[in-house]
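A short write-up of the structure that comes next.
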Amino acid sequence: MRGPIPIEQVAAFAEGPFQGNPAAVCPLQTWLPDRLLQAIAAENNLSETAFYVGNGGRYTLRWFTPTCEVDLCGHATLAAGHVVFQQEPELEIVKFSSRSGPLTVQRNGQQLTLNFPAQPAKPCAIPRELNQILGTNAVACLGAVDLMVVVAHEREVQAMKPDSAAVAALPGRGLIVTAPGDNVDFVSRFFAPSCGIEEDPVTGSAHCTLTPYWSARLKRTNLVARQLSARGGLLHCALAHDRVLISGRVIPYLSGFLHLSPDQLD
């Protein structure tokens, strides 16, 4: 692959400008070396950079944080779907193959909808130091890809300032903290310092675990969620058997090109 590489930066699950979770998306003609993909993601310094290869509505998709490749990412998939729809406006659905199997992004009015695998959590013992890390008492603790902690009130989720080193030492990819919402069905925050993300603004993949939990607890399959990061994000979630449908808006921010030297591309 030679010449400038296109890059788009968009905010996923955003309700307005400078909200939601920014993701970089790089459409590629062929795959670059992994070390270069990782270096681009580190240079972007966003929670995720998505790279895809393909055409005609079918693509292979990969995601990189500033420090590592991950198996599943919601907001960067939504962002990648948005970029594909801009390039191929006749499409109604985009199909991605990934480390987590087949994923789709579908047009849904002013929103886009992800179709992701459900990742239900199982109850687990509360780590001894967890309440001290959170600054509040855990009501329940469950484990899946991430450690998920349930607390009693939205205000407790909002007020948390956990130590990143302590969170990185906990089991799982990252830490989800969740509670019933005051004006939505549930709220959450997500911390993944071991992946180079102290706090993720809006985490689609975490809702693969959050949605089955809150669906069972609230006895409903359609839920509205808010992630309480500084930027904030709104997600419409639905449990469909072993899949989770996650819908949100995407707001474009930046378009440009990466200029890499020939020796970097080899």
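The values are calculated or read from the model by the stated rules, or taken from the named source; none is laboratory data. Just so we're clear, the structure is a prediction, and the values are computed from it rather than from any experiment. For neighbour counting, all protein chains shown are included, and Cβ atoms are generated from backbone atoms with ideal geometry for every residue, glycine included. Quick note on the areas: whole protein, heavy atoms, side chains included, nothing else; ligands and nucleic acids left out. Shrake-Rupley method; radii C 1.70, N 1.55, O 1.52, S 1.80 Å.
Okay, here's what the table says:
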quantity: Matching residues, the range 47-85, being more than 22 Å from Pro201 (Cβ to Cβ), open to solvent by 40 Å² or more (accessible area, probe 1.4 Å) and not in a strand (DSSP E or B); calculated: Gly56
quantity: Count - residues of the range 86-109 that are within 21 Å of Phe190 (Cβ to Cβ) and open to solvent by 60 Å² or more (accessible area, probe 1.4 Å); calculated: 1
quantity: Candidate set: the range 25-46, residues that are part of a loop (DSSP other than H, G, I, E, B) and within 19 Å of Val94 (Cβ to Cβ); chosen: the one farthest from the chain's Cα centre (by Cα); calculated: Gln29
quantity: Matching residues in the range 110-147 - criterion: being within 27 Å of Thr77 (Cβ to Cβ), of a type in the set (A, V, I, L, M) and either surrounded by fewer than 20 Cβ atoms within 10 Å (Cβ to Cβ) or touching a residue at least 40 places away in the same chain (Cβ under 8 Å) (or both); calculated: Leu112, Leu114, Ala118, Ala121, Leu142, Ala144, Val145
quantity: Cβ-Cβ under 7 Å pairs, at least 6 apart or on other chains, the range 47-59 side without any contact (Cβ under 8 Å) to a residue 12 or more places away in the chain, far side in a strand (DSSP E or B); calculated: Gly54/Thr60
quantity: Qualifying residue in the range 4-15 (condition: more than 15 Å from the chain's Cα centre (by Cα), under 17 Å from Ser247 (Cβ atoms) and either of a type in the set (Lys, Arg) or at pLDDT below 95 (or both)); calculated: yes
quantity: Number of positions in the range 148-179 that are of a type outside the set (Lys, Arg), open to solvent by 40 Å² or more (accessible area, probe 1.4 Å) and not in a helix (DSSP H, G or I); calculated: 6
quantity: Hits in the range 1-24 (condition: more than 17 Å from His259 (Cβ to Cβ) and part of a strand (DSSP E or B)); calculated: Val10, Ala11, Ala12, Asn21, Pro22, Ala23
quantity: Qualifying positions in the range 67-94 - over 21 Å from Pro252 (Cα atoms) and touching a strand residue (DSSP E or B) at 6+ places or on another chain (Cβ under 9 Å); calculated: Thr67, Glu69, Val70, Asp71, Leu72
quantity: Residue list for the range 208-246, filter: open to solvent by less than 10 Å² (accessible area, probe 1.4 Å), of a type outside the set (A, V, I, L, M), touching a residue at least 60 places away in the same chain (Cβ under 8 Å) and in a strand (DSSP E or B); calculated: Gln227, Gly233
